[in-house]
1. Please go through the stretch A:57-73 and pick out each residue that is at the interface with another protein chain (Cβ under 7 Å from one of its Cβ atoms) and in a strand (DSSP E or B).
2. When you check A:G57 against the structure, is it buried (at least 24 other Cβ atoms within 10 Å of the Cβ) and in contact (Cβ under 8 Å) with a residue 24 or more places away in the chain, yes or no?
3. If only one of B:A96, B:A78, B:A73 is closer than 24 Å to A:R132 by Cβ and buried (at least 24 other Cβ atoms within 10 Å of the Cβ), which one is it?
4. Look at A:G144 and say whether it is at positive phi and not acidic (D, E).
5. Quickly run through the stretch A:22-35 and pick out the residues that are touching a residue at least 24 places away in the same chain (Cβ under 8 Å), assigned to a loop (DSSP other than H, G, I, E, B) and either at the interface with chain C (Cβ under 8 Å from one of its Cβ atoms) or crowded, with 24+ Cβ neighbours inside 10 Å (or both).
6. Return a yes/no flag: does the stretch C:731-754 have any residue that is closer than 21 Å to C:K450 by Cα and in contact with a Ser or Thr (Cβ under 6 Å, 6 or more places away or on another chain).
7. From C:E610, C:E630, which residue is surrounded by fewer than 19 Cβ atoms within 10 Å (Cβ to Cβ) and among the acidic types (D, E)?
8. Quick check: anything in the stretch C:149-171 among the acidic types (D, E), closer than 30 Å to B:S3 by Cβ and not assigned by TED's automatic domain parsing to the domain that holds C:F364?
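The values are calculated or read from the model by the stated rules, or taken from the named source; none is laboratory data. The structure presented is a predicted model; accordingly, all values stated were derived computationally and were not measured. FYI the Cβ positions are ideal-geometry reconstructions off the backbone, even for glycines, and counts take in every protein chain you see.
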Amino acid sequence: MTDEREITLTVNGTEHTIEVEPRRLLVHAIREDLDMTGTHIGCDTGNCGACTVLKDGEPIKSCLMFAAQADGAEILTVEGMEDLPEADDIHPLQEGFREEHGLQCGYCTPGMLMAGKALLDEHPDPDEETIRDAISGNLCRCTGYQNIVRSIEYAAEELENRAAADGGAVAADGATDGGPAASPEGGHAAPEFGGDADTFCGREDCCGGPDGADPFDRDALLDDAGDADDTADADAGTDANDRGDTK
Amino acid sequence: MKSAPFEHHEPDTVDEAVSLLESLDDPTILAGGQSLVPMLRFRLANPDVVVDINGIDSLDYLDEGDGHLRLGALARHADVEDSDLIDEKYGSFADAAPLVADPQIRNRGTVVGSVAQADPKGDWGSILLAHEGEVIATGPDGDRAIPADEFFLLPYDTTLGEQELITEIRVPEPAPTEGSAYHKLKRKTGDYAMAGVGVRLVFDDDGVIESAGIGMTAVDITNARATDAEEHLEGERPSPDLFATAGELAAEQSNPESDEHGGADYKERMVDVLTQRALSDAAERAGTVTVQRRVTQ
Amino acid sequence: MSSEPDTPDAETEYQHDDDGGPDPEKHCGHGRGGMGEEVTRKEDKRFITGRGNYVDDIKKPGMLHCEIVRSPHAHARIEEIDGSRAEAMDGVVAVLTAEDLLEHDLATMPTLMDDTQDVLVNEKVKFQSQEVAAVIATDRYAAKDGAQKVEVDYDVLDPVVDAEEALEEDAPLVRDELEDQEDNHIFDWDTGDKEATETVFDEAAVTVEEDMLYQRLHPAPIETCGAVADWDPGMDKMTVHMTSQAPHAHRTLFSQVSGIPEHKVRIVSPDVGGGFGNKVPIYPGYVVAAAASYVLEEPVKWIEERSENIQTTGFARDYDMTGELAATEDGVIEGVKVDVLANHGAYNAAAQPSKFPAGFFNIFTGSYDIEAAYGSLTAAFTNTAPGGVAYRCSFRVTEAVYLIERMVKVLADELEMDPAEIRRRNFIPSDAFPYESATGWNYDSGDYEKALDKALEMADYDHYREEQQRRIEEDADKLIGIGISSFTEVVGAGPGKQCDIAGIEMFDSADLRVNPTGNAVLRVGVQTQGQGHETTFAQIVAEELGMDVDSITVEHGDTDTEPYGLGTYGSRSTPVAGAAAAVAARKVRDKAKSIAANELEAAEEDIEWERESGEFHVAGAPDRSITITEIAAGAYMNHPGDEEPGLEAVNYYDPPEMTYPFGSYIVIVEIDRETGEVDFEKFVAVDDCGNRINPMIIEGQIHGGLAQGIGTAMLEKVTYDDNGNVTGGDFMNYLLPTANEIPNFDTGHTVTPSPHHPIGAKGVGESPTVGSPPAIVNAVVDAMSHAGVTHVEMPMTPDVVWETLDEVGLAHQPAHNVEFDLGDDAEPADD
């Protein structure tokens, strides 16, 4: 009765063949058989969404599905986000969560990122209500959701700006949009603005800086910081504030 | 939470599934699994054998044919939510789909599975009743159509045979002067209904209600019809007073119990409110009335 | 203000405006990521890339899994446990019962209130889902299979779940194993001057009274509790990775319970997926995992299921309160009385300083200057899970704030006064600080009117009052309600002489080491669960040493390497460990001066440190300057002969006082008179936590706490049926709000620094959970107060609100205000 069977899961582009019991949940296969622990478990009733992964592009709760049912499927987990075509160093959604303080304890974050990814794949320019509904299957106990909504808005804008930059012709639209921080809720940051690290603190209501610009550019600061501590700061910068776009 | 062990069968065709149901000892059918998997994980259900129908591609459809809207056993809630056909013609389905659970669950859970589960707090049973739809059960002797009225017996219990598989649910295609709607109250996203009401109104060319169907959620031991209200509506022209009386009659016919979703009295009153709201929407969608709220706020 | 001997005085140079705090409009600091700067979080990268390391992510060679067998009954004697069928199963390694634990003296454990709880039930089950046996197996599924096969014979007894019923004479006795325990009464407690208060009430022109239940809640962090215990027989050392908000305190307790010497116990709290007070106590699962590892000499993992988490680990609140106010006719509050019946569950396991059986509940005079106050409380055992943890609050402050802020609204309605005006009339004036309350608290600083004024303006208060009136007059379908809460918290326990955990004084610690290459590691005794310590504590050091925030790493959570601390809860991290970090940094700065003197060839007394540039220079010669990076090199490569080499400092900080953050919240709701549904129209939160370290993180903390406040007010409750079955014990039934139930928040702040804190900061993470529920309830009541409603119990689900509407004749039917336009086509034909 506990016969194991062989299944093939393509996770983040890599094909894995594993033996599982029919009752083994997909989330356990991902976490324990494939050792990808970014996908979490937060409940036993399918309410919390911490286990959300994309199966063939659709967000599903991997604790409400048996691994055997995903035989042959393409799975995306948080570990695969950095390798997606739209990611530079990290994915714009990941960047958005950091810039907009869209996470605190981090436990729900991978599931939120997956829900956000599925949303933006389908609706590149979602309004707030659409975003809130898209993450309504994911519980967060820390953030009150407001900054998660901002984080996803940030990513949508970032992706749109990149598409505009790639396409060239729509650049004017992108410019009038004013970036994520132009939203009434305000953003803390929009890295593409750059800015003067010595003048602005990064808050929209402070220092007379441009609305929402993120002039507190860690890397620029480090570069400015002088020669004495080059080595040390390079390490710290990589660890804490790894911004591929400016390095 | 971890399920007990079970034997997992994955038929590719309906025939194969039916013969498995015939040959295996007390099998459990797994479709979307969004209710079943938690029950397995809590070991509230401990089947030895699971027949997983997700591989039967021929059951994955949502279309019109034979004068019906037809949903195959693998049509997911999200398929209803995303369907242009539903948006255009089936107001009650369009209302209900986004109110089911949450986005991820709607991607996996099936409409037919929800009907088969026969949870009185499920939404689709009420809509099936309001539309006087049918459940198509496929067994060793072929297909049979079970009218929605004859399908639900008790909580989680239906007239489906042990060796039968529900392959489809269907409701009649709407007449040009028909409208339908579904209203539901819940405490939060992901919660089951405190109460829900689905209605379908068919008008004649003079704007008189020719036929009315009302199905109620979470206010009886099964999804249930509000027949007294239906009768009261038939042959009448829509008016706030008519709908108010219909709401009252539906509430009287409901039979809710007090539980974590609210007191019996509240639920009964909400049947009244939701019936009136759904009737207004349905009448508006049928093109027969425009609802004016004198003071909305 | 006084401070402990080795604590330098509060830094006046940091408090750089006339109010004694930084101008909130100019909080941007010096550009190095110091105080006041919105630095993005250093910890985020690992979380957004799936590289966090939570307890369940830990995998060790040979690791076994533990599943706990739990009682289906709330009250039952165990006749027999037969684990033989389970033991015979594939993959099952062992079945443990109380008998096995007794052999190792591990059958019981102390609670934080000095009660004794069974690790595995020895004789009698006292609440549903209590731990009865444990199955250890090679994987999770096998452990669960085994647990299902453990046969337990129960002799089922009548349970009592309600505290009032528990105190009746013929109630079932929950704790019959305790000598001298003849009923379910645990303790009585009182505070204030009873006689003086009675006199005030007797003579008062106006008195009001209201009953209110602060329902049983669960903190419900998204990560449940869990542990990986690993006994190393070669080293005689027990290492436990566990979900702990207080690793050092847990090490001491573990050592006491197990008898393993404390230096042979290592507790590691890795990334913690939210705590909120849930991960302060010790739970049987941790002890079972450790016992199993000790017996089997293999690593053992125990991970709680969600339903186990809600049904058995520390609940919060469950205070049934009656409040009374005495006032003059023009609304001056003269006295407050409160009486509480507290349901503590089957054990006295509240998590609070041991000298405070009712926590800091006696802060119930709130933000108001009230002459006389008296409070009394009775605690009872019931057949429900033990708890009484401080769910995102300082111990029992949430209940106290709810009581006073609700009562002020009740009084305002009685006197037909504006609830903003009545608050203004009673606030402790801003020039009265430090202020001693009628129940003995020593408030450090406050400016309550300023915060209220700001909130009123942000909320467009007058407009909504007019709109509310218009809707009442027009009998509109949706009512407007406006709720205010002007709360004061008391956070940051110690002082150690007052506050302790299991006898250990509630100080905290920081150990700062600057490396030769100029970067630094700060180790702290508190434990982040999402609060952002790795960033904010680095900002404190950056500020105090003129370093860049990115060159400081903050470490926490490993008792082998971190200095002893009491952990993170009760908003104590910034008030206590934040102070320790600042003091340690200043000690380093003092030493740095002597090195600077050596490097710059000047006298030490001539060396000045300049906050703006972050550099040391010779007095009167600003160009003769040196950075901390250069000084660090000097400390290791060219140290002054009269100094020890190296550049580091440790500080154990015992706070002289607690801190008193405050704020004003204004909630505007719209109530559907047909269904009782409540929508948030506007939600304004103005907080004052003194000097602000990282405004972005503070705002995030406020958002999160407000969402939890909404959960409390609108959705959450742990419920039991009469048989003691938990009926709200999983996420289907214990309702956490989703993004669809939470509105956007408008946040604002004022800055009133704490005069005794080294950087003028106060705790903040818990203000919103504490302050928002009364604002929300006040708003819902306010929508109906014109019809005589004085209170609505939480959670205010639509049915609860509708029943109130219906009772006072405010409920509407859809037909109420609707007309149908049948249009030309639908008109009956004239002929």
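1. Selection gives A:E58, A:P59, A:I60, A:K61.
2. When the stated conditions are applied, A:G57 does not pass them.
3. On the way: B:A78 fails: buried (at least 24 other Cβ atoms within 10 Å of the Cβ); B:A73 fails: closer than 24 Å to A:R132 by Cβ.
Every option except B:A96 fails the conditions.
4. yes
5. A:R23, A:R24
6. Looking for residues that are closer than 21 Å to C:K450 by Cα and in contact with a Ser or Thr (Cβ under 6 Å, 6 or more places away or on another chain), one finds at least one in the stretch C:731-754, hence yes.
7. Result of the check over C:E610, C:E630: C:E610.
8. Pass one, the stretch C:149-171, residues among the acidic types (D, E): C:151, C:153, C:155, C:158, C:162, C:164-165, C:168-170.
Remaining after also requiring closer than 30 Å to B:S3 by Cβ: C:151, C:153.
From the residues that got through so far, the ones that are not assigned by TED's automatic domain parsing to the domain that holds C:F364 too are C:151, C:153.
The answer is yes, given that some residue of the stretch C:149-171 is among the acidic types (D, E), closer than 30 Å to B:S3 by Cβ and not assigned by TED's automatic domain parsing to the domain that holds C:F364.
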